[in-house]
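*Asks:* After the C-alpha cells below, expect a handful of questions from me.
Any read-out appearing in this document is the output of simple, stated calculations on the displayed coordinates, not a laboratory observation. The model shown is predicted, which means the values in this text are computed figures rather than measured ones. Don't worry about glycine lacking a Cβ; one is built from the backbone with ideal geometry, like all the others, and counts go over all protein chains shown.
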Amino acid sequence: MLVILSILVENKPGILWKITHLFRAKNFNIDTISVGVTADPEFSRITICTHGDEKQIRQIVKQLDKMIDTVEVKQLDEHKSVYRELILFKIKINTPSDSMEINKLANSYGAKVHDVKKDSMMVELTAAPDQIKAFEDLARPFGIIETARTGIAALQREGA
Amino acid sequence: MNNIENMIGAKALMLAMEKEGVKQVFGLPGGANLPMYDELYKSNIRHILARHEQSAAHMADGFGRVSRKPGVCFATSGPGATNIVTGLATAHADSSPMIAVTGQVPVAMIGRDAFQESDIIGMSNPCVKYSFQPRNAAEIPEVVKKGFYIAESGRPGPVLFDIPKDVQQNEAEMIFPDVVKIRGYHPWTDPAIPEIERAIQILLSAEKPIILAGGGVIISSAFAELQAIAEMLMIPVVTTFKGKGAFPENHPLSLGPIGMHGHAEANKLMIEADCVLAIGTRFSDRSVGTFEEFEKRLKIIHMDVDPAEIGKNQTAQVAVVGDVRVSLRIMLKKLTQEVVKKSDYNKWLKHVNEVKDYWRENLKIHPGEMSAAKILRKLRETIPNETILTTEVGQHQMWASLFFDVIQPGTFFSSTGLGTMGWGFPAAIGAKVAKPDVPVIDIAGDGSFNMTENSLATSVLEDIPVIVFLINNYSLGMVAQWQRTFYDRRMIGVDQQNCPDYVKLAESYGAQGIRAQSLDELENAIKVGLKSDVATVIDIPIDPEEDVLPFVAPGTPLKDMILPS
C-alpha cells in the first residue's frame with residue numbers, strides 16, 4: 001500500500017533528522033520525502049511517501065504522532081488530495097526526429113522543455129506519481145540519461 | 001505569575017530544579033559541567049557522588065521508579081555523557097521518569113571535534129523521551145519546566161538537557177514560567193467510555209477470562225483498582241515480569257508472571273484463557289513467547305496510556321487509551337453501578353485452582369540446601385512486606401520472578417526491558433534515597449554486581465545503606481545455562497571463578513561483607529543487614545549448574561515451556 005503522510009512539525013533544527021531516524025529505528029522505509037517551511041514560519045511541512053501494510057502504516061502514524069515535535073500527522077487519501085512531484089529528465093536524442101517526438105510527448109503531459117542540445121534535452125514535469133511513471137515509460141525508448149525528483153508535495157482538498 | 005531575575009545559566013538550572021522539588025542529584029563532575037557544580041555547591045540540593053556516570057543514571061532511575069518523580073543525574077561532556085547512554089536506554093525501555101543533565105563544550109566549539117565533545121543529542125535520540133540543548137542561558141528555566149513535565153507525564157521517560165559550558169556561565173534575564181504548553185505533546189487521553197463498555201461486555205461474555213497486568217499498573221499505581229476488579233469479577237491475574245507485584249502474589253487469584261521464565265501455572269493458564277484484559281503492557285516477546293500464537297487464540301482487551309502501543313505487537317479487539325488507573329476506575333464504577341450479568345466462571349476458576357495447586361506442589365526445585373528457591377523463600381520470610389526489592393539481570397532475576405513473592409504492590413523493580421546488568425545496585429541506592437525509612441535490597445548475581453559494584457563507595461560515603469543479596473554461582477549464569485541447553489555444553493566466556501572475594505570487596509569499601517553457606521547463616525545475615533547502617537553484601541554461594549526452570553526458549557510459544565525434569 002502506497003501512503004502519503006503529511007506531517008506538520010515545529011520549524012526547528014534537527015527535526016527532519018529525528019523523523020528520518022524514527023523511520024530507520026522502527027524498520028520503516030521512506031520512498032520520497034519533501035520538506036519546506038509553511039506560510040507560518042513557526043512550522044514546516046514534511047511530506048513522506050512510504051509503503052507498507054495497513055498495520056505497519058497505522059504504527060508509523062502513531063509513532064510520528066507520539067513525537068513531541070510533530071504538531072499534526074495526516075495520512076492523505078489520494079482521492080481527496082492534490083499531490084504533485086517535480087521531476088527532471090535528461091533524455092537522449094539519437095536522430096533528428098527524436099527531438100520532435102520528445103517535444104510532442106512533453107507537450108501532451110504539460111511538461112516544459114529545457115536545455116535542448118544536439119545529443120540530449122531536458123524535460124521538466126510536474127505531475128502525480130502515476131503520470132510521472134507513465135511519462136517515464138514512454139520516454140525510456142529514447143534513452144533516459146539521468147533524472148532528479150523532488151519528492152511529493154501534497155495537501156488535502158478543502159472539505160474532503 | 002512569572003519571577004524575573006538576572007543570573008547565570010547554571011544558577012537558573014538549580015533554581016528551576018528546586019522549583020520542581022529536586023532535593024538531590026546523582027552525578028560526577030568534569031570540565032564541562034563545573035559551572036553547574038559550582039552552583040550546586042551554593043544551592044540546597046544535595047549531591048550524591050557516583051563512581052561512574054552509568055551508576056549515577058541508574059540511581060536516578062531507581063529514585064524515579066520508587067518516588068514516581070524524575071530522578072536527576074549529572075555528567076560532564078564527552079565520555080561522561082556517553083557513559084549515561086546505557087542509563088538513558090534502561091529508563092526509556094522501562095518508562096521511568098528521569099532527567100539527565102550533561103555538560104557540553106561551548107556553543108562555538110560544537111561540531112569541531114573539541115576535547116571531550118560528543119554529540120550526545122544525536123547518540124541518545126532513540127533512547128530519550130525528549131532532549132534539549134539550550135543555546136542561550138535565558139532558555140534554561142523553560143527547558144527545565146518542559147523537561148520535567150515531559151519526563152513525568154503520560155508514559156514517563158528520560159529527558160536529557162545537554163548544556164554547553166558558556167550557556168551555563170552566561171548571565172541572562174531569567175523568567176521562570178509556572179506552566180508550559182507544548183503544542184505537539186498530548187500525554188493523556190481521556191479513555192473512551194464506549195470502548196470501556198465494549199471491554200466489559202467482552203470480558204463478561206468470556207468463559208475463561210484472565211487479567212494480564214503490566215508495568216503500567218505499577219507506574220500509575222492502579223493497585224487498588226486492579227484488585228477490586230479482579231475480586232469483584234473473580235478473574236485470575238497473571239502479570240508480565242515488569243508487572244510483577246502489580247497484584248499481591250500471595251492473593252488467591254494471583255498466578256504470578258508469565259513469559260520466558262514465568263510461573264508454570266501462569267503460562268499454562270494463559271494459553272487456556274479465551275479473553276485477556278491486558279493492562280499497561282506492550283506484549284513484549286519475553287512475555288508472550290510468539291506474537292502470532294497469542295493473538296490467534298485470544299480476545300484481547302488492551303488498556304494503555306500510549307496509543308502507539310495499541311496494535312504494535314498484538315491486535316486488540318478493544319483498545320482503551322488513557323491512564324490505566326483512570327480507565328480501571330471508570331470500569332470499576334460501571335461494574336458497580338450496573339447489574340453485572342457475567343458468564344459463569346466457576347468451572348474456569350476451579351480449573352485454575354487445580355492447575356495452580358498442582359504446580360505449587362509439584363514443580364521440582366533444585367535439591368540442595370542453598371537452592372535458589374530456598375534462599376529466596378528464606379529472604380521473603382525474613383524481611384518486612386514493605387521492603388523495596390531491585391534486581392540485577394540474569395538467573396538470579398528470573399529466580400526472583402519465580403520464587404520471591406511480592407506481597408505489597410509496587411515494591412519490586414527490575415531492568416526488564418533493556419535488561420541492563422549492573423542496574424540493580426545503583427537503582428537500590430536511588431530507591432533508598434526516595435524511601436529512606438524502608439529497607440532496600442538488591443537481589444543480585446555475581447556477573448551483574450561486578451558491573452557497578454563500585455557504587456559501594458557511594459552507599460558507604462553517602463550513608464545510604466542497602467543490602468546486596470548476592471546469589472553467587474561464580475559465573476555468568478544465564479549465558480552458561482543457554483550454553484548448556486542450546487550449545488551442547490560448549491562453555492565459553494562464562495566462568496568468573498572466585499574473583500573477587502565479595503566479603504573482602506565489601507570490607508575494602510567500608511561496607512559489611514557476610515558469607516552465608518546455610519539457610520540459618522543466611523537468615524542471620526539478612527537480619528544483620530536490615531539493622532546495619534552501612535551497606536551489607538551477603539555472598540551466597542550456590543551450585544553453578546542450577547538452571548532457571550521453567551523456561552520458554554526464545555521465539556517459541558508459551559505452550560512449549562521446558563519444565564524441570
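*Asks:* Of the GluC sites (Glu not before Pro) in the range A:94-160, which ones lie in a loop per DSSP and count no more than 11 other C-beta atoms within 10 Å?
*Replies:* Of the GluC sites (Glu not before Pro), the ones in loops of the range A:94-160 whose Cβ has at most 11 other Cβ atoms within 10 Å are A:Glu158.
*Asks:* Here is a follow-up. Starting from the Kirkwood Rh over alpha-carbon pairs, what translational D in µm² s⁻¹ does chain B have by Stokes-Einstein at 10 °C and 1.306 mPa s?
*Replies:* The diffusion coefficient I find is 65 µm²/s.
*Asks:* Calculate the dipole size of the protein assembly as shown relative to its Cα centre from +1 charges on Lys and Arg beta carbons and -1 charges on Asp and Glu beta carbons; express the result in debye to the nearest 20.
*Replies:* It comes to approximately 1160 debye.
*Asks:* Run lengths n ≥ 4 of DSSP H only: what is the helix-derived mean residue ellipticity at 222 nm for chain B, with -39500 (n - 2.57) per run over all residues, to the nearest 500?
*Replies:* -11500 deg cm²/dmol
*Asks:* Please report the relative contact order for the range B:193-362, taking Cα pairs under 8 Å with a sequence separation of at least 6, and give it as a percent rounded to a whole number.
*Replies:* Result for the range B:193-362 is 27 percent.
*Asks:* In which sequence would B:Asp442, B:Asp113, B:Asp560, A:Asp69 go, from the one with the fewest C-beta neighbours within 10 Å to the one with the most?
*Replies:* Ranking B:Asp442, B:Asp113, B:Asp560, A:Asp69 by Cβ neighbours within 10 Å, fewest first, gives B:Asp113, B:Asp560, A:Asp69, B:Asp442.
*Asks:* Could I ask something else about it? For peptide B:230-242, compute the average count of partner chain beta-carbon atoms within 10 Å of each residue's beta-carbon.
*Replies:* Going residue by residue through B:230-242 and averaging, the value is 0.
*Asks:* Based only on other Cβ atoms within 10 Å, what is the fewest-to-most ordering of A:Ile46, B:Ile540, B:Ile429, B:Ile45?
*Replies:* In increasing order of surrounding Cβ atoms, one gets B:Ile45, A:Ile46, B:Ile540, B:Ile429.
*Asks:* Karplus couplings for the range B:208-216 from phi (6.51 cos²θ - 1.76 cosθ + 1.60, θ = phi - 60°), rounded to Hz, Gly and Pro as x?
*Replies:* 10, x, 9, 9, 10, 9, x, x, x
*Asks:* I've got another one for you. D for the range B:249-317, whole µm²/s, Stokes-Einstein with Kirkwood Rh over alpha-carbon pairs at 37 °C and 0.692 mPa s: what number?
*Replies:* 262 µm²/s
*Asks:* Across 20 Å bins from the origin, how do the percents of Cα pairs in the protein assembly as shown run, short distances first?
*Replies:* 16, 42, 31, 10, 1, 0
*Asks:* What are the lysines whose alpha-carbon lies under 19 Å from the alpha-carbon of B:Lys559, with same-chain residues fewer than 8 places away excluded?
*Replies:* B:Lys208, B:Lys268, B:Lys296, B:Lys299, B:Lys356, B:Lys364
*Asks:* Can I get the semi-axes of the range B:3-176's equivalent ellipsoid? Compute them from the C-alpha gyration tensor as square roots of 5 times the eigenvalues, in angstrom, largest first.
*Replies:* Working from the Cα gyration tensor, I get semi-axes of 21, 19, 15 Å.
*Asks:* Right, another one. Amide H to amide H, which residues 5 or more places from A:Ser120 or on other chains are under 5 Å from it, using H placed in the peptide plane?
*Replies:* The list, which skips near neighbours in sequence, is A:Ile93.
*Asks:* In straight Cα distance, which lysines are under 21 Å from A:Lys92, not counting same-chain residues fewer than 8 positions off?
*Replies:* A:Lys104, A:Lys112, A:Lys117, A:Lys118, A:Lys133
*Asks:* Identify, among B:Thr281, B:Val305, B:Asn267, the residue whose Cα sits farthest towards the positive end of the charge dipole of the range B:193-362, taking +1 on the Cβ of Lys and Arg and -1 on the Cβ of Asp and Glu, with the dipole about the Cα centre.
*Replies:* B:Val305
*Asks:* Right, here's the next one. Placing unit charges on C-beta atoms (Lys and Arg positive, Asp and Glu negative, everything else neutral), compute the dipole magnitude of the range A:2-76 about its Cα centre in debye, rounded to 20.
*Replies:* Taking the Cα centre of the range A:2-76 as origin, the dipole is about 280 debye.
*Asks:* Roughly how tilted is helix B:223-233, in degrees to the nearest 10 and between 0 and 90, from the longest Cα axis of chain B?
*Replies:* 20 degrees
*Asks:* Here's a follow-up. For a quick check: sort A:Arg24, A:Arg149 by the number of other beta carbons within 10 angstrom, fewest at the front.
*Replies:* So the ranking, lowest neighbour count to highest, is A:Arg24, A:Arg149.
*Asks:* From other protein chains only, count the Cβ atoms within 10 Å of every residue's Cβ in B:124-130, then give the mean.
*Replies:* 3
*Asks:* Using DSSP to define loop residues, name the trypsin sites (Lys or Arg not before Pro) in the range B:283-388 whose beta-carbon has at most 13 other beta-carbon atoms within 10 Å.
*Replies:* Counting only loop positions with at most 13 other Cβ atoms within 10 Å, the trypsin sites (Lys or Arg not before Pro) in the range B:283-388 are B:Lys341, B:Lys364.
*Asks:* Also: Taking H placed 1.01 Å from N in the peptide plane, check which residues at least 5 places from B:Cys275 or on another chain put their amide H under 5 Å from its amide H.
*Replies:* B:Lys208, B:Ile210, B:Lys299
*Asks:* Just checking the output field for B:302-314: average partner chain Cβ neighbours within 10 Å of each residue's Cβ?
*Replies:* For this peptide, the per-residue mean of nearby foreign Cβ atoms is 3.
*Asks:* Which GluC sites (Glu not before Pro) does the range B:279-362 hold that lie in a coil by DSSP with at most 11 other beta carbons within 10 Å?
*Replies:* Answer by residue number: B:Glu338.
*Asks:* PRE reach from B:Thr382 (point 7 Å along Cα→Cβ): which of the range B:507-531 fall under 16 Å by backbone N?
*Replies:* Label zone hits: B:512-531.
*Asks:* What's the ranking of B:25-32, B:258-265 by average number of surrounding C-beta atoms within 10 Å, highest first?
*Replies:* Ranking, from highest mean packing down: B:258-265, B:25-32.
*Asks:* While we're here: Work out how far the C-alpha atoms of the range B:372-557 reach from end to end along every principal axis, then list the three figures in whole Å, largest first.
*Replies:* Principal-axis extents of the Cα atoms in the range B:372-557, largest first: 46, 35, 32 Å.
*Asks:* For the range A:19-85 and the range A:142-160, compute the distance between their C-alpha centroids and round to whole Å.
*Replies:* 15 Å
*Asks:* Give me the aspartates and glutamates in straight-line cross-link reach of B:Lys504: C-alpha distance below 13 Å, same-chain residues under 8 apart excluded.
*Replies:* Answer for B:Lys504, where 13 Å is the Cα cut-off: B:Glu453, B:Asp539, listed by chain and number.
*Asks:* Over the range B:320-476, calculate the relative contact order: mean separation of alpha carbon pairs under 8 Å at least 6 apart, over the residue count, as a percent.
*Replies:* 20 percent
*Asks:* To continue, here is another question. What is the Cα radius of gyration of the range B:104-248 over 2.2 N^0.38 Å, N being its residue count?
*Replies:* 1.54
*Asks:* Quick check on my link table: of A:Lys55/B:Lys334; B:Lys244/B:Lys342; B:Lys23/B:Lys435, which ones sit more than 24 Å apart, alpha carbon to alpha carbon?
*Replies:* Where the Cα-Cα span goes over 24 Å, the pairs concerned are A:Lys55/B:Lys334; B:Lys244/B:Lys342.
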